[in-house]
Amino acid sequence: MKIVIIGGTGLIGRPLVGLLRAEGHEVVVASPSTGIDALTGAGLAQALTDAAVMVDVSNAPSFEDAAALAFFRGTTTNLLEAARNAGLRHVVALSVVGTDRLQASGYFRAKLVQEQLITAGGIPYTIVRATQFFEFLSTIADAYTRDSAVYLPQIALQPVAAADVSALLAEIATAAPIGGIIEVAGPERAPLAEFTASWLGARDDPRRINVTAERDYFGAPANDCSLVPDENSRIAPTRFDEWLAARAAESAA
């Protein structure tokens, strides 16, 4: 079938494109760099002609509240209109575990708007909420660094490998829409500080970890349940230590 990947050049999109093409599907890589812009609508109608499925794995270029809202509201509105006009059978969108619990964050408010638009959009859909990616630990460590230390809140994490999320999306894109939300997480749950310390150690990063009394995530109140999945989630196979070892081997090659 013909499948259009919105954000097809990014961390999740690039491997997703490869997986679907390996299965024999016709895949359109949609991003501004390929002349298809979901925010302006440029190129969408042509890209979706004769398509059966659209998968949106795009992300806002800024986490600032107003910018994130403008991006997700604008792109989702345009994508749904184009999808209806093209008669798509299935819209798949990538969201984040904890979106509904972290509404003090402008970014998560914007993600919830995206989900609500899709739910009310009149097109068969599946929303996939993933936990934080292993790959995002670098951004987390940098964001919480002051001087030569990383000051992290006391919250739990159950992160997942981006490649595992791409694999699940490839499976869902070729299945029937469920009209609801699927959550996916990695196999291990631990304090955020433990994952971050392992990541820093694997990179020989000298920054020390300090766990603070704060319980927030990028400014939004959070607890040990905020960023972890419910009991019915899909559990991805890749363990964090396996992922770290693979990254080290890639760097050494």
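The values are calculated or read from the model by the stated rules, or taken from the named source; none is laboratory data. Since we're looking at a predicted model, the values are computed, not measured. Cβ atoms come from the backbone with ideal geometry, glycine included; neighbour counts cover every protein chain shown. Note: areas computed on protein heavy atoms with side chains; ligands, DNA, RNA excluded. Shrake-Rupley method; radii C 1.70, N 1.55, O 1.52, S 1.80 Å.
Where does the chain land at 222 nm, in deg cm²/dmol rounded to the nearest 500, when only DSSP H runs of n ≥ 4 count, each adding -39500 (n - 2.57), divided by all residues? Each step should come with its number before you reach the end.
Numbers: 8 runs with 94 residues, N = 253.
Result for the chain: -11500 deg cm²/dmol, rounded to the nearest 500.
Averaged per residue, what accessible area in Å² does the stretch 49-167 show with a 1.4 Å probe, protein chains only? Let's see the in-between values first.
Values: 4290 Å² over 119 residues.
With all protein chains present, the stretch 49-167 gives 36 Å² per residue.
Helix 240-252 versus the longest principal axis of the chain: what is the Cα-based angle in degrees, 0 to 90, to the nearest 10?
The angle comes out at about 90 degrees.
Could you state the number of Å between the C-alpha centres of the stretch 66-140 and the stretch 188-253?
23 Å
Leaving out ligands, DNA and RNA, and with a 1.4 Å probe, what % of the accessible surface on the chain is carbon or sulfur?
Here carbon and sulfur together make up 52 percent of the probe-accessible area.
Size of the dipole of the chain about the Cα centre, Lys and Arg at +1 and Asp and Glu at -1 on the beta carbon, nothing else charged, in debye to 20?
300 debye
Might you tell me the accessible area per residue for the stretch 207-252, computed with a 1.4 Å probe and given in Å²?
Counting only protein heavy atoms, the per-residue value for the stretch 207-252 is 64 Å².
Set the Förster distance to 25 Å, then compute FRET efficiency between Phe136 and Ser33 from the Cβ-Cβ distance, nearest 0.05.
Efficiency computed from Cβ-Cβ geometry: 0.70.
Once label points are set 7 Å from the Cα along Cα→Cβ at both Ser148 and Asp204, what is their separation, rounded to one decimal in nm?
The two pseudo-label positions are separated by 1.7 nm.
Arranged from highest to lowest average of other beta-carbon atoms within 10 Å per residue, in what order do the peptides 79-85, 246-252 appear? Show your work: numbers first, answer last.
On the way: 79-85: 19.6, 246-252: 10.3.
By packing density, highest mean first, the sequence is 79-85, 246-252.
What share of the DSSP beta bridges in the stretch 1-152 is antiparallel, in percent to the nearest 5? The partial results should precede the final answer.
On the way: 2 of 21 bridges.
Bridges in the stretch 1-152 are about 10 percent antiparallel.
Please say if the stretch 18-63 is rounded, prolate or oblate, where rounded means a/c under 1.5 for a ≥ b ≥ c the square roots of the C-alpha gyration tensor eigenvalues, and otherwise the choice is prolate for a/b larger than b/c and oblate otherwise?
Since a/c reaches 1.5 but b/c is at least a/b, the shape of the stretch 18-63 is classed as oblate.
What length, rounded to one decimal in nm, is gained on full extension from Phe63 through to Cys225, with 0.36 nm per residue of separation minus their alpha-carbon distance?
56.1 nm is the gain from fully extending Phe63 to Cys225.
Just for the stretch 106-222, what percent of DSSP beta bridges are antiparallel, to the closest 5?
Taking every DSSP beta bridge within the stretch 106-222, about 40 percent pair in antiparallel fashion.
At a 10 angstrom cut-off on C-beta neighbours, averaged per residue, how do the peptides 125-137, 226-238 rank from highest to lowest?
Working: 125-137: 21.7, 226-238: 16.0.
Packing proxy ranking, top to bottom: 125-137, 226-238.
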